[in-house]
Amino acid sequence: MAAQDNGQAPLLELEEIVKAFPGTLAVDRVSLTCRRGEIHALVGENGAGKSTLMKVLAGLYPPDQGRIRINGQEVRLRSYSEARRAGVGVVYQELSLQPELSVGENIFSGAWPRTRLGLVDWGAIRRGSREALAEISVDLHPDILVSSLPMALRQMVEIAKVLNQSPEILVFDEPTAALSRDEVEGLFKIMARLKERGKGIIFISHRLNEVLRISDRITVMRDGRKVVTDLAGAFDEDRLISSMVGRRLSEIFPEKPASPEAPAQLFSFEGRLKRSGRRVAFEVAQGEVLGLGGLHGQGQLEMLESIFGLGHCDRTELRVSGRPVTVASPTQAIAQGFALIPENRNEEGVFLILNVLENLAAATIDRRTTLGFIHKGAEARAAQGMVERLSIKLSSLHQAADSLSGGNLQKLVLGKWLISEPKVMVMLEPTKGVDVATKQQIYALIRELAARKVAVIVYTSDMLELIGLCDRVLVINQGFLTAELAGPEITEEGIMKGSVSTLDLLGGGN
Amino acid sequence: MRTGQRDLRLYAPIYVIFIVIYLLSCFLEANFFTWNNNVNLFTRITPLVFASMAQTLVILTGGIDLSIGSIIGLTNVLAASLPYPESGLNVVLWFLVPALAGLALGLINGLIITGGGFSPLIVTLATGAIWKGLSLFIMPVPGGEVSLAVARTATGKLGAVPMPLLIFLAGALACHRLLTRTRFGRSIYALGGNETLAYESGIACGRVKIWVYGTAGLLAALAGMFLSARMFSGDPLAGEPYILNSIAVAVIAGTSLAGGRGGVAGIIGGAYVFLLINNILNLLAISSFYQYVAKGLILIIALAITSSGGEISPAAWMRRLLKPAGAPSGGVDGPG
Amino acid sequence: MDRAEGRGLKGMKRVLLKNITLLLFLLNALLFGVGELISPGFLSADHVTAVLRTASFLGIVSIGQTLTILTAGIDLSVGPLVTMGNVFACMFINGVDGNTLWALAAVILIGLLFGAANGLGVSVTKISPLVMTLAIGSLVTGITLIVSQGAPKGLASPSLRFIGVGSLWGRIPVIIIVWAGLSLLFVLLLRSTSFGRKVYHLGANQRAAHLSGIRVNRTLILAYALSGASATLTGALMAGYTQTAFLGIGNEYILWSITAVVIGGTSLSGGRGGYLGTVAGAILLVLIESLLTIVRMPEAGRRIATGLMILIMISVYFRSKNRKP
């Protein structure tokens, strides 16, 4: 169905938006328009800048440069409420519902209608809730606790909540990620209805078949820039993929050595992911850097964390050099020679209020004690050794950790684990929030570890890292293994295809 | 599950326990089910109900109020130190002075906590000491007097209905309405559930918190005032037992220490259970010293159940206790 | 780019925090001087030792409080535990010198057990330390009442009395030496043992500690157990001072121990601080009490002063970085 503007200004215009963060240019002069009654899809790889662009629209970040126009009028969106008042409604992937409150309360969140006496008007809440849900053809009792609803219905409540504020522009951020086929159909019907009523819809998704099906126009972003905007009919999956990939290799990766003839198996993992019920298995050979790729939140983190004893998988079997090992907790994992570089450095990896020495010694405290007393000298030597090996810039070992930059903090985490001389090193987003120079050092370190017969498994959402760093890449989608690429097979197209594929290599089909 | 069902599940257990204990008491003592005894119970329960409601409000926002005992003490002392005894003015002052004082003290708590971003625990511990000091300053030893008219009315009857019963029922109803029918009350739940989300919904979190502590102070003052009428005098340390008791009753009445969940509907049941435990111990000729033990145990059990995510599953609980430290607990991350 | 250290107000605050212990000791010296000015004789050997003697008891119970607060918890059961130690010590010893040693051991063991119960509740069942220790405190109060039947009996032994009120070489009270010894051991524990190190990691970031392989539950249980033991031990030693037992003797120690720890610079959110600060804080508290006494401030005023001190100290030290709107 064609969008109608009848010669007026388009509903939404984002003009030459620029948004930078320290170290990265997240959005680089992107322009986008959305018309009334149009579904405009925004597509791109992890880190392409789509979410940042939408956060600018939602009022979270003011743009460094560029203008936003709604109905031809320029607007400044400096907060969530200003964006809401300007008519922008965003349905986030992580919903903004309060689980302990009812459906009705959530839909009116904060702006509960009152009776003449000033008391909360539950009648009005219930009526309004039913009406808001009816607009999207959903029937839910207003008193139902959100915590007892399944994800799909929660999303419906979220949509109703957003619609309740009568937005003209709606942004859906990855709405189909957690939905079944039927539920996706239901959502698309809603989007079609909204389109008929003249709303402008921006739809972010990785599921290219859905994008091609439902959108009127598609914009592809890459590396913070807009690559192309065209009618949906002018795209097919291949053109989409090739527009999404093709990023410039800005980092320098160390050379990958030739793989030995019959490499020894250093580590093998087999388990059943709790959330998908599917079986996943892989091995890491000597000298090999294994990468886990795919879109965000497809189960990669859960798989790798369960290696470390954080229980997201059932029936796990781990083998180190062929010998089975049991790991039920991080303490046991470390004893078996495993190490985990966590995804959220500040919350899970470093002790910001402690000093560098204490941070580096954290995973191996007991190895340098006699009768409970710490060998301070040995500890200091080990720490100093790490500082030198990793070139961490410090004024003293007793410096507080929170005075270090992101890159140096990551080195701190690495150092902590390297001191334990692990046999299996699992790294989750190892270069997140790290400057370019440190990134290169980390890549070199990873290569070195692999050469030293450490099984290295890297999870990264950055495709270039997977291509440049790993010898083999496993692509995971929706909790199962969809592609296994080795050597020259590791390309952006290959990874992208695997990320959207629904074929389970290890089990049945979709 | 609907909110109605959830509330039932939350509050039914305590009322079931209440009925059981009440019946047990009737069984153990012939005179338990007499009018006199029940009226006596109403009188003893009233301050506990108000103190626990105060604590519930604060806990719902995710905080705690350790100064409640001192506010009760101070307002109690004020209520018994008013000038012009036996005059109409005295009565008016009795209503106004302690209540306003309680409100003010509570507001100060709230202002310090939100203004400085400090932990409610340490702030109310400190202010509790200050208020207690003030009480001891005004009245170093128990004494003072309360107007006869007030004392007789508060502990008397309105028609055939005992006054204390009316007082605590009215108080509980008012508090319940506050929580369920006002924007302020609903904001408390949103705030306690997830403060960031509440803030983004446009709720003035700071202001709500300040007034929550203020209201708690007011409710504590009502307890202090009632105590003064009942004891016919003032005692600076009258509120001490209420610190632990109010927390215990709030918890067993269904309010979660994490905030955002619970309410005052179960308070009357909880207060009765607490009071009657002591009664039963007396009746069974067990020394009343055991009430401290009983109180502690009840609180621990109630907390263990609610802290494990509300799974009222002693089996799961036993399993967790007996597992070696560090073993996984079925999909739950974190220590232990 | 690393953040520049020590610029402006924030930098001054950092310097302040690093040297807090020193500043507190200087403050103590200053206050002694002020006391001497107001009331000559304040700085006499007798009075100084009296102040330090009182501070010793507070200091010993604050060992445990320092430990639990370092783990980002708190122990509100120290009051009842001090009373229990006091009552049980008198009961076990009953005036007989030979009983002293095993009585003290028994009292320490009891403290360890109740403390471990606190630790279990906090770690395994994840109950908030505030309420768990309050509940155990109630339990302990009840047990003490039951065992003593409301009228504690017994008597301290001559040895215990020597520890409580006696002096070595006629000048230095034994209890101060005991405190000094325990302080040394505790500082050693915190700074040089793996347990001490793990306590800091726990308090700094419990999740990261778990992920670094630190046995969180075990450490917590031990920390609370030691806290219980330091409380009962204090009560037992106080029996040497008071000679007979008193119910409620421990009541004030909850507020006082927390105050001493907070003044000493240990952060309530855990991972930061140490015992030397607590030592200075304990002495400061007792000093201020003493000063207020000589200016004839009634007990009420002293209580208010304690509360005000806490508020002042937390605003100086611990302005929360993210002031929620």
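Quick notes on this one:
- Given A:Lys189/A:Lys274; A:Lys256/A:Lys432; A:Lys439/C:Lys198, the pairs whose alpha carbons are separated by over 28 Å: A:Lys189/A:Lys274; A:Lys439/C:Lys198
- For the range B:16-28, Karplus couplings with θ = phi - 60° (6.51, -1.76, 1.60), whole Hz, Gly/Pro x: 4, 4, 4, 4, 4, 5, 4, 5, 4, 4, 4, 5, 7
- Residue list for the range C:178-216, given a label point 7 angstrom along the Cα-to-Cβ vector of C:Trp169 and an amide N cut-off under 20 Å: C:178-184
- Hz values of 3J(HN,Hα) by residue in the range A:170-186 - Karplus curve (6.51, -1.76, 1.60), Gly and Pro given as x: 10, 10, 10, 9, 6, x, 9, 4, 10, 9, 7, 4, 5, 5, 5, 4, x
- Using the Cβ-Cβ distance between A:Arg181 and C:Asn19 with R0 set to 56 Å, the FRET efficiency from 1/(1 + (r/R0)^6) comes to roughly 0.30.
- Pairs from the table (A:Lys19/A:Lys195; A:Lys19/A:Lys411; A:Lys50/A:Lys161; A:Lys19/A:Lys55) lying more than 19 angstrom apart at Cα are A:Lys19/A:Lys195; A:Lys19/A:Lys411; A:Lys50/A:Lys161.
- Karplus-based coupling profile of the range B:111-128, in residue order and whole Hz: 5, 5, 5, 7, x, x, x, 8, 6, x, 4, 6, 5, 6, 5, 5, 5, x, with θ = phi - 60° in 6.51 cos²θ - 1.76 cosθ + 1.60 and x standing for Gly or Pro.
- Label-to-label distance, A:Ser79 versus A:His296, with points set 7 angstrom from Cα along the beta-carbon direction: 2.5 nm.
- Counting 0.36 nm for each residue step from A:Glu493 to A:Ser395 and taking away their Cα separation leaves a gain of 30.8 nm.
- Inter-label distance for A:Arg315 and C:Leu101, nm, one decimal - labels placed 7 Å from Cα along Cα-to-Cβ: 6.2
- The Cβ shell under 14 Å around A:Ala486 holds other residues with a net charge of -3, Lys and Arg each +1, Asp and Glu each -1.
- On Cα atoms only, tilt of A:151-163 relative to the major axis of chain A in degrees: 50
- Among A:Val228, A:Val220, a tally of other beta-carbon atoms within 10 Å of each Cβ gives an order, fewest to most, of A:Val228, A:Val220.
- Over the residues of chain A, the helix contribution to mean residue ellipticity at 222 nm works out to -9000 deg cm²/dmol, using -39500 (n - 2.57) for each DSSP H run of at least 4.
- Rounded tilt (10° steps) of A:122-134 against the dominant C-alpha axis of chain A: 80
- For the protein assembly as shown, DSSP calls about 60 percent of its internal beta bridges antiparallel.
- The range A:397-510: C-alpha gyration tensor shape, a/c 1.5 cut-off, then a/b vs b/c: prolate
- Trypsin sites (Lys or Arg not before Pro) lying in DSSP loop within the range A:142-226, provided at most 13 other Cβ fall within 10 Å: A:Arg197
- Per DSSP, loop trypsin sites (Lys or Arg not before Pro) in the range A:266-366 with at most 16 further Cβ within 10 Å: A:Lys274, A:Arg275
- Dimensionless Rg ratio for chain A, taking C-alpha atoms and the 2.2 N^0.38 Å reference: 1.08
- Net length gained if the chain between B:Leu166 and B:Glu86 were fully extended (0.36 nm per residue, minus Cα distance): 26.4 nm
- For A:Met151, C:Met132, the sequence from fewest to most other C-beta atoms within 10 Å is A:Met151, C:Met132.
- Compared with the dominant Cα axis of chain A, that is its longest principal axis, helix A:406-418 is turned about 40°.
- Amide H partners (placed H, <5 Å) of C:Ala72, local residues excluded: C:Gly270, C:Gly271
- Taking label points 7 Å from Cα along the Cα-to-Cβ direction, B:Ala204 and A:Glu131 give a separation of 2.8 nm.
- Placing a label point 7 Å from the Cα of B:Phe95 along the Cα-to-Cβ direction, the residues of the range B:137-155 whose backbone N falls under 16 Å from that point are B:147-155.
- Chymotrypsin sites (Phe, Trp or Tyr not before Pro) restricted to the range C:250-318 and DSSP loop, no more than 11 other C-beta within 10 Å: none
- Net lengthening on full extension, A:Arg69/A:Lys432 (0.36 nm per residue, minus Cα-Cα): 127.3 nm
- Test item: Cα-centred dipole of the protein assembly as shown, Lys/Arg +1 and Asp/Glu -1 on Cβ, debye: 1420
- Among C:Leu220, A:His206, B:Ala265 the positive-end extreme of the charge dipole of the protein assembly as shown (Cβ point charges): B:Ala265
- Within chain A, percent of DSSP bridges classed antiparallel, to nearest 5: 55
- Amide H to amide H, with H built 1.01 Å from N, A:Val171 comes under 5 Å of A:Gly89, A:Val90, A:Val91, A:Ile202, counting only residues 5 or more places away or on other chains.
- Principal axis dimensions, largest first and in whole angstrom, of the protein assembly as shown by Cα: 92, 76, 59
- Counted by neighbouring Cβ atoms within 10 Å, the residues C:Val261, A:Val90 run from fewest to most as A:Val90, C:Val261.
Only the coordinates and a few stated rules stand behind these numbers; no lab work does. Just so it is clear, the model here is predicted, and its values are computed rather than measured. No Cβ is skipped: glycine too gets one built from the backbone with ideal geometry, and neighbour counts run over all protein chains shown.
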